[in-house]
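Bear in mind that the values in this text are calculations on the coordinates, not laboratory data. Because the structure is predicted, anything quoted here is derived from the model rather than measured. Note: ideal-geometry Cβ built from the backbone for every residue, glycine included; neighbour counts use all protein chains shown.
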Amino acid sequence: MKRMISIVFMLIIILAGIVFAVLNSTSVELKYYFGVVQVPLSLIIVLSIIAGALLGILASMGQLLRARRNIARLKRSVHLAEKEVTNLRTIPIKDSH
């Protein structure tokens, strides 16, 4: 169900992007240090959005890697604790009477 919702959401975004590109197809001057280029407005905006998304992903990679390392450490800790509990359960109980 979650996958279906994400597919529908992506299709809506793609459709909105296509409509956006059609409505903003006029050319504008893009001035940069080495010259000037005539580029469709929609292309400039889409490339800016993609660049921003990539920079956001790059900025969050440190936190993501740190979280994955922490998860791996916690899984090892849980595994050792489960192993210790299993070992303690197999030790016979001796009466001191």
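Details
- Put simply, the range 58-97 fits an ellipsoid with semi-axes of 41, 6, 3 Å; these come from the alpha carbon gyration tensor as the roots of five times its eigenvalues, largest first.
- By the helix-only formula, in which each DSSP H run with n ≥ 4 contributes -39500 (n - 2.57) and the sum is divided by residues, the chain has a 222 nm mean residue ellipticity of -27000 deg cm²/dmol.
- Taking other C-beta atoms within 10 angstrom as a stand-in for reagent exposure, 20, 34, 9 fall in the order 34, 9, 20, fewest first.
- Rounded tilt (10° steps) of 2-23 against the dominant C-alpha axis of the chain: 20 degrees
- Only one of (1) 59, 20, 5; (2) 18, 16, 12; (3) 24, 15, 11 was calculated from the structure for semi-axes √(5λ) of the Cα gyration tensor in Å, and its label is (1).
- Nonlocal amide H pairs with residue 28, under 5 Å, H built at 1.01 Å: 39, 41
- Cβ-derived FRET efficiency at R0 22 Å, residue 2 paired with residue 50, nearest 0.05: 0.30
- Tilt relative to the chain, helix 41-90 - C-alpha long axis, 0 to 90 degrees, to 10: 0 degrees
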